[in-house]
Each structure stands twice: as C-alpha cells, then as structure tokens.
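Everything on this sheet refers to the single structure shown next.
Just so it is clear, none of the values below were taken in a lab; they were calculated from the coordinates. This is a predicted model, so every value here is computed, not measured. Cβ: placed from backbone, ideal geometry, glycine included. Neighbour counts: every protein chain shown.
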Amino acid sequence: MVLETDLEETAAKQDDLPNAEDVYDRNEEIPLTDVFDDDFVAKRTEFKSFDELVAASPDDVGSAAELETVTDGEWDEFVAERTEFADEEELVMAARDHWVAKKLELA
C-alpha cells in the first residue's frame, strides 16, 4: 500500500522534471543510509542518523545493515515511540518520498 503524500502533487506542478533514468539506475542498489539520510532522520525522529536510530532499537542491532534481525512487532512499537510515525510503513514511505524529492530536486 502506498501512503498518500504531497510528492505527486508537487511533481505535477514542475515543468522540467528530469527523466527517471537520469537520476536513478534501476540496477543500482540504494543504501538505506541514502534513503534515511541524516537530514530526514534528525527532522523526523529523536536521532541524528539512521545507524543511531537502529542501534537504539529494542533488539541487539548495531547498524542499519543488521536491521533485518529486528522483529516486526518490536520495530513498529519502537518506531511509534521514538519517531513521528505510527509504524515502520509510515517511516519507510516518508523516507522514500524524501529521497525521491531530493533526487528530483523538489526539496
């Protein structure tokens, strides 16, 4: 499910958006720390970096690379308590929109 955002509305108002191929290579893996950059994390959570947010999670995780070891229920609860988002899905969709807006120079 895609959450409603202002990204599409903002993009529709732009006359000169670049082609997707010019800003993103489909074969390129996007590091989590690019999507959850320090600016996004600092503004939308009580942490300064995504690694710091992950390290504070309830499981024994030290970095974003180890995030998949955190159980979903615990992670959703942690996200709700320590960020402005209700759950992981809201956090991920907002980070995605932030990343896309930066790539399209809308932010």
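Summary of computed values
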| read-out | value |
| --- | --- |
| Listed residue (F85, T33, A56) projecting farthest to the positive dipole end of region 30-103, Cβ model | T33 |
| Fraction in percent of alpha-carbon pairs per bin - 10 Å, region 30-103 | 21, 60, 18, 1 |
